[in-house]
1. Starting from the stretch 93-128, pick out the trypsin sites (Lys or Arg not before Pro) whose DSSP state is loop and whose Cβ has at most 16 other Cβ atoms within 10 Å.
2. I'd like the orientation of helix 210-222 relative to the chain: the angle between its Cα long axis and the longest Cα principal axis, in ° from 0 to 90, rounded to 10.
3. Report the relative contact order of the chain, percent, no decimals, based on alpha-carbon pairs under 8 angstrom and at least 6 residues apart.
4. Among 151-158, 9-16, how do they line up by average Cβ neighbours within 10 Å per residue, starting with the highest?
5. If I build a Gaussian network model for the chain, linking alpha-carbon pairs within less than 10 angstrom, which residue out of Tyr74, Tyr198, Tyr187 has the largest mean-square fluctuation?
6. Please work out how much length the chain gains when fully extended from Arg175 to Trp12, using 0.36 nm per residue of separation minus the C-alpha to C-alpha distance, in nm with one decimal.
7. Which distance in nm do the two modelled labels at Ala31 and Lys207 give, with both placed 7 Å along the Cα-to-Cβ direction?
8. Looking at the stretch 167-218, which trypsin sites (Lys or Arg not before Pro) are in a loop (DSSP not H, G, I, E or B) and have at most 14 other Cβ atoms within 10 Å?
Amino acid sequence: MQLTDPLSKFDWPSLYVKYDALCERFDPTTAFLDSFSPRPESDRMLYYALVDRFTSEPLSPAGISIETYEAMLYWKLYSQPAAVANTCKPLRANLGLRKATGESLRTLSAKLPRTMSKDSNFLVDLTRSFNAFAIWGMKSSTALPVRTTFLHVLQPAVVPIFDKQVLLAVGVTDRNANQSLRFLSTYIPHAWSLANLYSEACSVFQKETDVRLVDMAMWVVRGGCN
């Protein structure tokens, strides 16, 4: 499987402007962000806040909080209204589901590795291991976009987000490729190679890792997820 490089002519200095322009569906007033004060005013501000929380919360006895998790789900899914309705809203409204999800997050947090190396087999196995926790929003074994988003926010220098848009950006058009561990195992090292290739261009940005910047650039190339 030959993956392409969609960034050979990318205008890196324009990244933030172009990325932000594609985030028009982001709603800073949504109830899914009620735990933040001040509220993140943009997609990027929420991302930075999530990375901060995922840095500290897994180390606490309580683990990753349900409030942080629902904000992560919103960040991943807000460009898809149906996904927000089917995933974020039930978690917000159903107290029993909310309690069970919080307990599962606490169990998962205690088992998460504290460090991750750039070993694609390890990351694929780690993604697969989420099957044991049955956490709402990433319960299904095919929920690889949400699982990799969770792991990315936890380790943004190591784990690339894996979804339909990045696959299309690198030339993968196979149906349901974003649900396949086989495609994930191929995409991870490709994302790392792109991050290495464009590390000099990425060096002007201070708040994101090269892995994240490549993901943002590919989202821009695809024109967002509308």
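FYI, it's all coordinate maths here, none of it is from the lab. On a predicted model such as this, the values are computed, not experimentally measured, just so you know. Cβ placement follows ideal geometry from the backbone for every residue including glycine, while neighbour counts extend to all protein chains displayed.
1. Answer in residue order: Arg114, Lys118.
2. Tilt relative to the chain: about 80 degrees.
3. 24
4. Those peptides, ordered most packed to least, come out 151-158, 9-16.
5. Evaluated over the chain, the most mobile residue of the options is Tyr198.
6. The span from Arg175 to Trp12 would gain 55.6 nm if fully extended.
7. About 2.8 nm separates the two model spin labels.
8. Within the stretch 167-218, the qualifying trypsin sites (Lys or Arg not before Pro) (loop, at most 14 other Cβ atoms within 10 Å) are Arg175, Lys207.
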